[in-house]
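In what follows, a single structure is set out as structure tokens and then discussed.
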Amino acid sequence: MNKFNRFASAAAAFALAAASASCNAPEAITFGKGAQTALTVDGYEVPAGIFIYNEMNAYQNAAYKMYYEKGSMPSVDDVKSSTIEELSASDWIQNNATNACKDFVANEKEFEKIGESLNDDEIIEIKNLASSYSSDSSLLENGVGEESVRKIIENSYKREAIFKHYYGLGAEKGCTEDELKTYYQDKTTRVKYFSISMVDENGEQYSADEKRRLNNMIDDYVKVINEEKTSDAKLKKIDECEEEYKEYTDKRKAEADAKAAEEAGETTTTTTTTTSSGTTTTTTVDPHAKEITITKYTTTTVDKNDSNDTTTTTTSAEAEASEKAYKNYNDHVFAMAYNKAEKYQYDDDTVYIIIRADIKERMTADDLWTEDKIDSLLNERYYDEFEDMMKDVVNGYTVVKNNKAYRKYTPFDLNLG
């Protein structure tokens, strides 16, 4: 979970909008008496600045919904005149802003409930971020001052702390580090490979003789890799085979170019330059530089009868074929034995020489098992459950809207660029 990511993305979007707006921008909105509190959620008074920020964010979400539906970014007037989920755009935006304010209050109250506190480094980060973003003209023009900005950013830090409290390693609803490692190992594998093309640079299939030659080379590469005794030696050998193949393709291309030039009545000159120096440079090579990790392939089926699905996806036969090819490849990789090189025909044009290695060997703090990776996996595994938990909290809240504030800060009276 990136701290303040929702805030940062919305602020950036409105900064771009402000940059394209008229130089004669409207004056900043000022809060009149009686409109400084936009709503009360479970007794917590939500300042107007936070409500306005959430309106701005909701407007941006409405605009992107229209963009995904129609393929072009709508103007403010386009959004204003639209109907979204059977509501006027203004009502939809204010409803979403209200829900965001409820989430804000849930973070504040739950953070207090669990007795957490922000550390000194986080407080400094929040202050610096608030100072940076509060100078954004689009926020200032709409009455979102530095104090509101600070509270919004601080709130996102609190939400992260709540998540870690309940779903961190060893937490009440989370898992142990060993369980998280098992989760990662079950869905991720480690491979090294290189591809051999069965087509030329123009996309034309090679002759039968050339394909036979290439397949013989592939079989030889697989054999010499598997003759090595250790995993590290095999992973090193695959690099040597790739370099040998590259030398072959470079030579083949040079010969083809020379032949083409000769047929055209031209001459070609090959120049080799050798340089030397009196110093020796030692380079540290990453032993895993050419390795990749692959995640087990899964598909998500969208219910075509779901009225909440606002996107329509059309998949061409070519895209379907590509997806099927990748799924077959992914399934094959996860079924491979460790440390045994194989030849794999990816499609008509490409053959892979691939070796699967044990990912456990790289799960150390200075390699794949970093704090960032742990945080990322916890979010991947538990964040939906966390959001459901927080929704249950929000559903128990009583909301009292300040109608004066809601009328004063209707979305399309804001400076939306």
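Here the relative contact order of region 112-173, from alpha carbon pairs under 8 Å that lie six or more residues apart, stands at 32 percent. Per-residue Cβ neighbour counts within 10 Å put Phe111, Phe104, Phe412 in the sequence Phe412, Phe111, Phe104, beginning with the fewest. A crude spin-label estimate for the pair Ser207 and Leu169, with each label 7 Å from Cα along the Cβ direction, gives 6.0 nm.
Calculate the FRET efficiency for Asp121 and Asp366 from the Cβ-Cβ distance with a Förster distance of 25 Å, rounded to the nearest 0.05. Efficiency at R0 = 25 Å is approximately 0.65. Calculate the FRET efficiency for Asp388 and Glu266 from the Cβ-Cβ distance with a Förster distance of 60 Å, rounded to the nearest 0.05. Rounded to the nearest 0.05, the efficiency is 0.30. Ranked by the mean number of other Cβ atoms within 10 Å of their residues, highest first, the peptides 348-355, 68-75, 259-266 come out as 348-355, 68-75, 259-266.
Looking at this model, which pairs from Lys109/Lys151; Lys109/Lys401; Lys187/Lys340; Lys113/Lys391; Lys253/Lys327; Lys290/Lys373 are more than 22 angstrom apart at the alpha-carbon? Cα-Cα > 22 Å for Lys253/Lys327; rest within. Residue order for Glu141, Glu385, fewest other beta carbons within 10 angstrom first, comes to Glu385, Glu141. Applying 0.36 nm per residue to the separation of Asp77 and Asp186 and subtracting their alpha-carbon distance, the gain on full extension is 34.3 nm. Go through Lys223/Lys296; Lys211/Lys236; Lys164/Lys360; Lys80/Lys408 and tell me which ones have a Cα-Cα distance over 19 Å in this structure. From Lys223/Lys296; Lys211/Lys236; Lys164/Lys360; Lys80/Lys408, over 19 Å: Lys223/Lys296; Lys211/Lys236; Lys164/Lys360. Residues Leu169, Leu377, ranked from the fewest to the most other C-beta atoms within 10 Å, line up as Leu169, Leu377.
Readers should treat all values here as calculations from the given coordinates under stated rules, not as data from a laboratory. Source: prediction; values computed, not measured. For neighbour counting, all protein chains shown are included, and Cβ atoms are generated from backbone atoms with ideal geometry for every residue, glycine included.
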